[in-house]
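Novice: Structure provided below as structure tokens; questions to follow.
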Amino acid sequence: TIQMLNWPDIHTVLLDMDGTLLDLHFDNYFWREHVPQRYAEKHSLPVATAKTTLHTQYLSKEGTMDWYCVDYWTQALGLDIAQLKAEVDHLIAVQPYVIEFLDALRRIGKHVVLVTNAHQKSLMLKLNKTALDHHLDKIICAHDFGMPKEDPDFWQQLQRTLPFVNAQTLLIDDSLPVLRSARRYGIQHLLAVYQPDSKTPRKDVADFAAIGSFLDIMPPP
């Protein structure tokens, strides 16, 4: 184990879902392959053209609430996004050692909270598929606040809903903009994820400490 955490110092553990607890391969495949495929069929376009068109649209919404919103994309693309996600839901997968990690945290009395930008419809699909909710104390969806975790005001809003002490809180997230936003807010313990998508190489985590898997930070039994 990498000794980067002193568990007695930590009371609240905030965990991202996509790319952290769940393999980002599902989302990457969905947006980069499956949606372009269906969009191309609908508009009688070559898939390559659909990919280019969609890529531009995606980029224009990155880091905003719309980017994470199933309803927004359903309307913008004229495709039933929730339905399309269900078509490839066999790709939804929990990252290695996640369940053991969550159960170990609860066993040592930590407050374990999922904090996700995912839209409620994606969240429900993924919880139904993985039963992650049985291993968590609470689930916070950024859509209920109307702002993503990248927004500095998100953390203030979160602290009103979920009293936590910055110095005793750990956030694990695969998004560097989210980690930077949390760091500016003063959250003390921050960890990135080296490989959010099991099918792509390790990513550059800039100046953040990071985990290869949850085995790296498994609390002692």
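Novice: Give the residue, chosen from H135, H119, H189, H111, that is touching a strand residue (DSSP E or B) at 6+ places or on another chain (Cβ under 9 Å) and more than 24 Å from I217 (Cα to Cα). Talk me through it step by step, then tell me what you get.
Specialist: Numbers: H135 fails: more than 24 Å from I217 (Cα to Cα); H189 fails: more than 24 Å from I217 (Cα to Cα); H111 fails: more than 24 Å from I217 (Cα to Cα).
It is H119.
Novice: Here is a further query. Considering every residue within region 85-93, establish whether at least one is open to solvent by 20 Å² or more (accessible area, probe 1.4 Å), under 30 Å from L5 (Cβ atoms) and modelled with pLDDT under 95.
Specialist: No, region 85-93 contains no residue that is open to solvent by 20 Å² or more (accessible area, probe 1.4 Å), under 30 Å from L5 (Cβ atoms) and modelled with pLDDT under 95.
Novice: Could you tell me whether region 110-117 includes any residue that is under 25 Å from D80 (Cβ atoms), touching a Phe, Trp or Tyr at 6+ places or on another chain (Cβ under 6 Å) and not hydroxyl-bearing (S, T, Y)?
Specialist: yes
Novice: Would you check if there is a residue in region 3-20 being part of a helix (DSSP H, G or I), open to solvent by less than 60 Å² (accessible area, probe 1.4 Å), out of contact with any helix residue (DSSP H, G or I) (no Cβ under 7 Å at 6 or more places or on another chain) and over 30 Å from P163 (Cβ atoms)?
Specialist: No: region 3-20 contains no residue that is part of a helix (DSSP H, G or I), open to solvent by less than 60 Å² (accessible area, probe 1.4 Å), out of contact with any helix residue (DSSP H, G or I) (no Cβ under 7 Å at 6 or more places or on another chain) and over 30 Å from P163 (Cβ atoms).
Novice: Follow-up. Out of the residues in region 200-221 that are touching a Pro at 6+ places or on another chain (Cβ under 8 Å) and surrounded by fewer than 16 Cβ atoms within 10 Å (Cβ to Cβ), which is farthest from V94 (Cα to Cα)?
Specialist: Restricting to residues being touching a Pro at 6+ places or on another chain (Cβ under 8 Å) and surrounded by fewer than 16 Cβ atoms within 10 Å (Cβ to Cβ), the top hit is L215.
Novice: Right, another one. Name, by its number, the condition in (1) open to solvent by 10 Å² or more (accessible area, probe 1.4 Å); (2) touching a strand residue (DSSP E or B) at 6+ places or on another chain (Cβ under 7 Å) that does not hold for Y68.
Specialist: Result: Y68 passes all but (2).
Novice: Then there is this: Could you tell me which residue of region 121-135 is surrounded by the most Cβ atoms within 10 Å (Cβ to Cβ), considering only residues that are in a helix (DSSP H, G or I) and free of Cβ contacts under 8 Å to residues at least 24 places away in the same chain?
Specialist: Here the residue is L127.
Novice: Do we find a residue being buried (at least 20 other Cβ atoms within 10 Å of the Cβ), at pLDDT 95 or above, more than 18 Å from the chain's Cα centre (by Cα) and under 30 Å from I217 (Cα atoms) anywhere in region 35-55?
Specialist: Within region 35-55 (the criterion being buried (at least 20 other Cβ atoms within 10 Å of the Cβ), at pLDDT 95 or above, more than 18 Å from the chain's Cα centre (by Cα) and under 30 Å from I217 (Cα atoms)), the answer is no, since none of the residues qualifies.
Novice: Further, regarding this structure: Could you grab me the full set of residues in region 149-187 that are open to solvent by 60 Å² or more (accessible area, probe 1.4 Å), assigned to a loop (DSSP other than H, G, I, E, B) and touching a residue at least 60 places away in the same chain (Cβ under 8 Å)?
Specialist: If the condition is that a residue be open to solvent by 60 Å² or more (accessible area, probe 1.4 Å), assigned to a loop (DSSP other than H, G, I, E, B) and touching a residue at least 60 places away in the same chain (Cβ under 8 Å), then V165 is the only one that fits.
Novice: Test of understanding: among L136, L79, L132, which residue is more than 18 Å from the chain's Cα centre (by Cα) and among the hydrophobic types (A, V, I, L, M, F, W, C)?
Specialist: Values: L136 fails: more than 18 Å from the chain's Cα centre (by Cα); L132 fails: more than 18 Å from the chain's Cα centre (by Cα).
Only one candidate passes the filter, namely L79.
Novice: Mind counting the residues in region 94-105 that are open to solvent by 10 Å² or more (accessible area, probe 1.4 Å) and either under 22 Å from L176 (Cα atoms) or modelled with pLDDT under 95 (or both)?
Specialist: Residues in region 94-105 being open to solvent by 10 Å² or more (accessible area, probe 1.4 Å) and either under 22 Å from L176 (Cα atoms) or modelled with pLDDT under 95 (or both): 3 in total.
Novice: Here is a follow-up. Within region 84-97, how many residues turn out to be out of contact with any His (no Cβ under 8 Å at 6 or more places or on another chain) and touching a residue at least 40 places away in the same chain (Cβ under 8 Å)?
Specialist: Total meeting the criteria: 7.
The values are calculated or read from the model by the stated rules, or taken from the named source; none is laboratory data. Owing to the predicted nature of the structure, the values given are computational and were not obtained by experimental measurement. Note that each Cβ is placed from the backbone with ideal geometry, even for glycine, and that neighbours are counted across all protein chains shown. Surface areas here come from the heavy atoms of the whole protein model, side chains and all, with no ligands, DNA or RNA. Shrake-Rupley method; radii C 1.70, N 1.55, O 1.52, S 1.80 Å.
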